[in-house]
Structure formats: C-alpha cells, structure tokens
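> I have a structure I would like to understand better, so I am pasting it below and will then ask my questions one at a time.
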Amino acid sequence: MKVLGLDTSTMMATCAVINDERLLGEFSLNQDMTHSERLVPMIKEILDNLNMKVEDIDLYGVAIGPGSFTGLRIGAATIKAFAHLFDKPMVGVSSLEALAYNLPFNEIVVPMIDARRNRVYTGIYTWEDRELKELLAPCVLPIDELIIRLKDFDSVVVNGNGTLIYREILEERLGKQVSFAPLGLNSCKASSICELARIKYEKGQLDDYFTLAPEYLRESQAQRQLREKEKETS
Amino acid sequence: MLTLAIETSCDETACAVIKDGREVLSNIISSQIDVHRKFGGVVPEIASRKHIEAINNIIQEALDEANCTFKDLDLIGVTQGPGLVGALLVGISTAKALAYGLDIPLIGVNHIEGHICANYIEHKDLEPPFTCLVVSGGHTYLLNVKSYVDYELVGRTRDDAAGEAFDKVARALGLPYPGGPHIDRLAKIGDKDSIPFPRVYLEDGSYDFSFSGLKTAVLNYLNQMKQKGEEIIVEDVAASFQQAVLDVLVDKAFRLARETSSKKIVIAGGVAANEGLRNMLESRGEEEGIRIYYPSRILCTDNAAMIGSAAYYHYINGERSDLSLNVEPNLGLN
Ligand SMILES: [Zn+2]
C-alpha cells in the first residue's frame, strides 16, 4: 500500500511516500516561501523522482492540527482534493501525535507547537505495548501551566518548535528532568504521518474528504469575543 | 472545452463548470452570510474555516449538476485575488491539487476581471471593446476593456468603495447586514431630492471616485437630526444618499464612453444588482444611444462561473499558471 503524507502545520513543509513498511522518499523544507507556493511543487518533485503519479497513491495522510490555522488548511485542502479526485481513502493525523512518534522510547514524550502569547499546543504521551498512549489529550496551555504539570514526571522528552522558543525556561524550571530532541527529530516527519495514517486505516479510522476539517483547538478571536459579550449580557 | 472554476475570495464558497467560456453547466454558490451576520461583517478566520469544510461538497455538486466527472475537465480556473488571504488559500490549494492530479492546465484569475466576465455569460453577443464600471463592496473601477484579457484602468476610488459606503450608511440607519440591497429597496419609496448630499467629482477631468466625504455627510446629517430631536425619514435618507452615489458613477461612466466613442457600457460587481443604478444607466443610455449591459442578479454576486469565463479567455490567450501560483490578496487591475 502506497501512502502519501504531508504536514504544513508549522513553518516546516514536509511530504513523504511510503510503500507498506518501506520509506520511499521524504522531503522537508523550512524556508521563507509560503506553503501555498511550495507544497504542490514539492509533492510533484517527490512523485516525479519516484516515477509515480498522484493516482498511484492508495492512501492519503495529512497533519490535521493543531498548528498554524492557515498552514493546516493548505495541507488539508491539498490532500482532500487528491483523495476526492481519485476517490481514495484519507486519514487526518494529529500533528502532536506525529511529533511524539519521532521519539519511540520508554519515556514521557511532550510535543509542543507554538501557539503564540506564551502558550503552546501540547499533549502528554507515553509508549505502552509499542503504541503511543495519550496521557493528556491535545490542548492549548500557557507554558507555565504545562511546566507545572511536567514536574510530576521523573523525566520527560520534549520536541516541536515550542521547545526552541521556551528552551531556557524549560531548562531552568525542569533541570535534568527534561531532555530535548535532536534537531532532526524536532519537527514533524511526513513519514510518521504516512505510518500513523496507515495504522489508523488498518483500524478502520478513516476520514471523509467531504467533511474533514482541521482541528484548530482554538476558536477564532471574533467567536471568542462574541461569546464573552453574550455572557456579559445574559 | 470544460473549465472547472473555484471562487473563495470572501464569504461565498463557489464552484462552477463552464463550457467554452460562456455556457454555464453548473454554478453552485454556498453563502456563509448567516454565519457572519451576527458579527456585523465577514470575519476572515471564520470564512476560511467554512470554506475548507464546504469546498469538496460544492465541487461535487458542481460536477453532478454539470453531469460530468473530473476526467471530463480540460482546465482549472481559480480566484487568485483580491480577497481575504486565508479564504483565497483554500480555493487556490484545492485548485492546484486538482490541476496537478489531473495533469491539466491551471489559470489564476483576478476576481474583478471575473465580475466583468459575468457579462459574457449573460450576453452571448457581447464582445470587447467596451466601457466598464465595476462596483462592489470592495471595489469601484472605471475601465476601458480593450480585449478579453486587456484592461485599461481609467478611474478608481481614492477611499471607500461604493458598496462599502452603502454598507456603512445602512448600518448607521439601523438596517440589517449587508445593507446595500436594503438601501436600494428603501430608495424606491423615498424622495431622492429631499436631502442635498454632496456629489464628489474631484478635480476636472478626473475619473476617480471618493465616497468617504458623502458617507460622513450622511452620518453628520443623522446626528444633527437626532440632536434637534427631528424625525429621520429613513426612506428619504436612503434615496438621497443612493442618488448622490449614482449621479457620480453614471456621469463618469458616460463621460468615458463618450470620450472613447464607445457604444457599450457594461456594469459588473455586487452593486450592478442595484436597480436604481440599472434604471438610471438605461434611461440615460437610451437618450445617448449607448447600450447598457449588466448580469442577472445571481451573476452579480460572487460566483465561480464568472471565474471560469475569465480563466477560459486567458487560456485561449496562451497563458498558464504554474503550480507555485500564490494568492494575491491585494491584486489590482492594470
Ligand atoms: Zn466580488
């Protein structure tokens, strides 16, 4: 089974193709061009190199969030269009789960994606019976609050772009309890999206290209303001 | 030749299938207007979220209604700008994936050109050159349309778009969003000569527009009346305001037509649905021997059929967009 996966939830655009247990190709770029400009050319580059066409893909995977709202929509729109074109199955994968999947050790794994204003999108994961288990479901937390929760664990491994922004405060407050992922494992790998998509597909956890939407974990500012106003007046 | 076109520049998710640039096989429009009404205007992030939820359904509906499948398509057209960046990105990302997956050409279309091309769909005999007035919530342009792909911009608004002034005045009058159609409706029963609002023609010979002074004049008038405790006759305000906008639009359009010896004036954009504007242009057109063209109501709103028509003419002109095509939120006409 050939799987095409991609992630555009952060500045890094990544795309990969796997065939069953084999990684055929992976491409990641973190540069100033927008995802909109580079994503489809990048997919074309990788498929051309593999002598493949979009229609040769059997399953599509895409990071569905959390992350940059705009980035998530670019990835989702692209994958939904491919799946729709050839009526192929598709799966949305949590970008946090994909990050945690980079670190397959018997540890507490805490991915964090910058959510601005001293907050991160995060979750707490651990490995049990070779599977990733969720101890804290994906959510938005102030970095301070996350650190307080992490003090409960003897040791944690962290990754994601949030660890670049909050490295100092994490080191200062958690000391030797915290380990940082190496650079190559610090961002989401499209190959992990492919693999997680395949696992979900085998479990029958499919998404629908007509209805799939990103998991933002945050409502829009206008919605929040309206809700607060309604609360005041009621 | 079949074109599938996608339009997501604002709060309408739209997809259409067009044959040979003029024949509409399907034209599906999913409006989010009810969602945005409670915010008093379009919220960009919410618009983008609604687009990504709706787009594949709208595409499927467009294909079904046109009685075709993806494999029958020859060209993909998509709005590149102007518009809301996040909203445009949903359409353009989808369009690029479709064009690449199907291995067919892609054309990024200027939304304003799309509005003009709505007239080619409506009027099978219409051909350039002609004088064109584009009026909508976001744009006010006066153009010489020289060919299907060549536009000479002659005038534009220096501040508010005409449609924007309509919406702001409507809001001040307590009318529901979007206010343009309400003003048009009330103007029919009001007295257009009751309040002398200013007509702003700018310097001699200018084809540009300015509506912010007029908008302020209306707001000041409303404040003064309230302070004096006098009754505000909403219909009269609507009629007098609308007439002040239309006088300038119509005068400048006819002046340009005369100067370029054009016998055709084409109107386009959301405000082209304004009956006051249509009537005024038509009666003056009759006097001056100039034919007036405008699209039917559905083609005046944001739709994808018009994008498909524009894409087709650029394709015929030998143009192609590549897969790195990006959105241009501030795309203008030149
Ligand atoms: Zn428009």
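The values are calculated or read from the model by the stated rules, or taken from the named source; none is laboratory data. Given the structure is predicted, the values throughout are model-derived calculations rather than measurements. Here the Cβ is made from the backbone with ideal geometry for all residues, glycine too, and neighbour counts use every protein chain on show.
> Scan the range B:115-139 residue by residue and report those that are within 12 Å of the ligand (Cβ to nearest atom) and out of contact with any strand residue (DSSP E or B) (no Cβ under 9 Å at 6 or more places or on another chain).
Result: B:Gly137, B:Gly138.
> Among the residues that make up the range B:47-65, is at least one of them more than 16 Å from the ligand (Cβ to nearest atom), within 12 Å of chain A (Cβ to nearest Cβ), assigned to a loop (DSSP other than H, G, I, E, B) and modelled with pLDDT of 95 or more?
No, there is no match, as no residue in the range B:47-65 is more than 16 Å from the ligand (Cβ to nearest atom), within 12 Å of chain A (Cβ to nearest Cβ), assigned to a loop (DSSP other than H, G, I, E, B) and modelled with pLDDT of 95 or more.
> Take the conditions of a type in the set (Gly, Ala, Ser), more than 23 Å from A:Glu26 (Cα to Cα) and without any contact (Cβ under 8 Å) to a residue 60 or more places away in the chain and apply them to A:Gly184. Does it pass?
Working: of a type in the set (Gly, Ala, Ser): yes; more than 23 Å from A:Glu26 (Cα to Cα): no; without any contact (Cβ under 8 Å) to a residue 60 or more places away in the chain: yes.
For A:Gly184, the condition - of a type in the set (Gly, Ala, Ser), more than 23 Å from A:Glu26 (Cα to Cα) and without any contact (Cβ under 8 Å) to a residue 60 or more places away in the chain - is not met.
Each row is one residue, and each column tells you yes or no for (1) assigned to a strand (DSSP E or B); (2) outside the structural domain of A:Ser36 (by TED's automatic domain parsing); (3) within 17 Å of A:Thr10 (Cβ to Cβ).
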| site | (1), (2), (3) |
| --- | --- |
| A:Thr70 | no, no, yes |
| A:Gly75 | no, no, yes |
| A:Ile79 | no, no, yes |
| A:Pro111 | yes, yes, yes |
| A:Arg116 | no, yes, yes |
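> Here's a follow-up. Just the residues that are more than 11 Å from B:Gln242 (Cβ to Cβ) and either free of Cβ contacts under 8 Å to residues at least 24 places away in the same chain or acidic (Asp, Glu) (or both), please, taken from the range B:183-203.
B:Asp191, B:Asp193, B:Glu203 - these are the residues of the range B:183-203 that are more than 11 Å from B:Gln242 (Cβ to Cβ) and either free of Cβ contacts under 8 Å to residues at least 24 places away in the same chain or acidic (Asp, Glu) (or both).
Rundown of residues vs (1) buried (at least 16 other Cβ atoms within 10 Å of the Cβ); (2) touching a Pro at 6+ places or on another chain (Cβ under 8 Å); (3) not basic (Lys, Arg), yes/no style:
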site	(1), (2), (3)
B:Asn220	no, no, yes
B:Glu235	yes, no, yes
B:Ser240	yes, yes, yes
B:Val248	yes, no, yes
B:Lys252	yes, no, no
B:Lys263	no, no, no
B:Ala268	yes, yes, yes
B:Val271	yes, no, yes
B:Ser283	no, no, yes
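> Out of B:Ile112, B:Ile183, which single residue is among the β-branched types (Val, Ile, Thr), in a helix (DSSP H, G or I) and within 16 Å of the ligand (Cβ to nearest atom)? Explain how you work it out, then say what you get.
On the way: B:Ile183 fails: within 16 Å of the ligand (Cβ to nearest atom).
Of B:Ile112, B:Ile183, the one residue that is among the β-branched types (Val, Ile, Thr), in a helix (DSSP H, G or I) and within 16 Å of the ligand (Cβ to nearest atom) is B:Ile112.
> While we're here: Quick one: which residue in B:Val78, B:Val17 is within 22 Å of B:His139 (Cβ to Cβ), hydrophobic (A, V, I, L, M, F, W, C) and modelled with pLDDT of 95 or more?
On the way: B:Val17 fails: within 22 Å of B:His139 (Cβ to Cβ).
From the options B:Val78, B:Val17, the qualifying one is B:Val78.
> Let me ask you something else. Which residue pairs have Cβ atoms under 9 Å apart, sit 6 or more places apart or on different chains, and have a first residue in the range B:108-122 that is within 14 Å of chain A (Cβ to nearest Cβ) and a second that is at pLDDT 95 or above and within 12 Å of the ligand (Cβ to nearest atom)?
The qualifying pairs are B:Gly108/B:Thr79; B:Gly108/B:Gly81.
> Then there's this: So which helices (runs of 4 or more DSSP H) are wholly in the range B:252-330 and hold at least 1 residues that are away from the ligand (no atom under 16 Å from the Cβ) and modelled with pLDDT under 95?
On the way: elements: B:275-288, B:297-300, B:305-316.
Here the list reads B:275-288.
> For the range A:80-119, which positions are farther than 25 Å from A:Leu39 by Cα and either surrounded by 23 or more Cβ atoms within 10 Å (Cβ to Cβ) or in contact with a Phe, Trp or Tyr (Cβ under 9 Å, 6 or more places away or on another chain) (or both)?
As a first pass, look at the range A:80-119 and keep what is farther than 25 Å from A:Leu39 by Cα: A:103-110, A:117-119.
Those that are farther than 25 Å from A:Leu39 by Cα and either surrounded by 23 or more Cβ atoms within 10 Å (Cβ to Cβ) or in contact with a Phe, Trp or Tyr (Cβ under 9 Å, 6 or more places away or on another chain) (or both): A:Leu103, A:Pro104, A:Phe105, A:Asn106, A:Glu107, A:Ile108, A:Val109, A:Val110, A:Asn118.
> Could you give every pair whose Cβ atoms fall below 7 Å, whose first residue belongs to the range B:16-31 and is assigned to a strand (DSSP E or B), and whose second residue is among the basic types (Lys, Arg) and surrounded by 20 or more Cβ atoms within 10 Å (Cβ to Cβ), counting only separations of at least 6 or pairs across chains?
Matching pairs, first to second residue: none at all.
> Going by the structure shown, is A:Gly184 more than 14 Å from chain B (Cβ to nearest Cβ), under 16 Å from the mean Cα position of the chain (by Cα) and part of a helix (DSSP H, G or I)?
Numbers: more than 14 Å from chain B (Cβ to nearest Cβ): yes; under 16 Å from the mean Cα position of the chain (by Cα): yes; part of a helix (DSSP H, G or I): yes.
Judged against the criteria, A:Gly184 is a match.
> Please work out if A:Lys176 is over 22 Å from B:Glu45 (Cβ atoms), exposed (fewer than 13 other Cβ atoms within 10 Å of the Cβ) and more than 14 Å from chain B (Cβ to nearest Cβ).
When the stated conditions are applied, A:Lys176 passes them.
> Taking the criterion of being away from chain A (no Cβ under 14 Å) and surrounded by fewer than 20 Cβ atoms within 10 Å (Cβ to Cβ), would at least one residue in the range B:72-94 satisfy it? First the steps, then the outcome.
To start, the set of residues in the range B:72-94 that are away from chain A (no Cβ under 14 Å) comprises B:74-75, B:77, B:82.
Keeping just the survivors that are surrounded by fewer than 20 Cβ atoms within 10 Å (Cβ to Cβ) gives B:74.
Checked against the condition, which is being away from chain A (no Cβ under 14 Å) and surrounded by fewer than 20 Cβ atoms within 10 Å (Cβ to Cβ), the range B:72-94 yields at least one hit.
> Let me ask something else. Given the structure, is A:Glu107 more than 14 Å from every other protein chain (Cβ to nearest Cβ), within 17 Å of A:Tyr216 (Cα to Cα) and in contact with a strand residue (DSSP E or B) (Cβ under 9 Å, 6 or more places away or on another chain)? Even if it seems obvious, please write down each step before you answer.
Values: more than 14 Å from every other protein chain (Cβ to nearest Cβ): yes; within 17 Å of A:Tyr216 (Cα to Cα): no; in contact with a strand residue (DSSP E or B) (Cβ under 9 Å, 6 or more places away or on another chain): yes.
The answer is no for A:Glu107.
> Could you look through the range A:58-71, keep only residues that are surrounded by 24 or more Cβ atoms within 10 Å (Cβ to Cβ) and more than 19 Å from B:Asn57 (Cβ to Cβ), and pick out the one that is nearest to the other protein chains (Cβ to nearest Cβ)?
Step one: list which residues in the range A:58-71 are surrounded by 24 or more Cβ atoms within 10 Å (Cβ to Cβ), which gives A:60-67, A:71.
Right, trim to more than 19 Å from B:Asn57 (Cβ to Cβ) and you get A:61, A:63, A:65-67, A:71.
Details: A:Gly61: 15, A:Ala63: 14, A:Gly65: 11, A:Pro66: 14, A:Gly67: 14, A:Gly71: 9 Å.
For the range A:58-71, the residue satisfying everything is A:Gly71.
> If you don't mind, there's one more thing I want to ask. Would you check which residues across the range B:123-171 are among the hydroxyl-bearing types (Ser, Thr, Tyr) and surrounded by fewer than 23 Cβ atoms within 10 Å (Cβ to Cβ) and list them? Steps first, please.
Restricting attention to the range B:123-171, the residues satisfying the condition of being among the hydroxyl-bearing types (Ser, Thr, Tyr) are B:131, B:136, B:140-141, B:147-148, B:151, B:157.
B:Ser147, B:Tyr148, B:Tyr151, B:Thr157, listed by residue number.
> Tally time: how many residues in the range A:13-52 are within 14 Å of chain B (Cβ to nearest Cβ) and within 21 Å of B:Val327 (Cα to Cα)? Walk me through how you get there before you give the answer.
Step one: of the range A:13-52, the residues within 14 Å of chain B (Cβ to nearest Cβ) are A:13, A:15, A:29, A:31-48, A:52.
Checking the rest, the ones that are also within 21 Å of B:Val327 (Cα to Cα) come to A:13, A:29, A:31-44.
Number satisfying all stated conditions: 16.
> Can you name every residue in the range A:87-99 that is outside any strand (DSSP E or B) and in contact (Cβ under 8 Å) with a residue 40 or more places away in the chain?
So in the range A:87-99, the residues outside any strand (DSSP E or B) come out as A:87-89, A:95-99.
Within the range A:87-99, A:Pro89, A:Ser95, A:Leu96, A:Glu97, A:Ala98, A:Leu99 meet the criteria.
> Quickly run through the range A:99-119 and pick out the residues that are in contact with a Gly (Cβ under 9 Å, 6 or more places away or on another chain) and either among the hydroxyl-bearing types (Ser, Thr, Tyr) or farther than 18 Å from A:Glu145 by Cα (or both).
Answer for the range A:99-119, where residues must be in contact with a Gly (Cβ under 9 Å, 6 or more places away or on another chain) and either among the hydroxyl-bearing types (Ser, Thr, Tyr) or farther than 18 Å from A:Glu145 by Cα (or both): A:Leu99, A:Ala100, A:Asn102.
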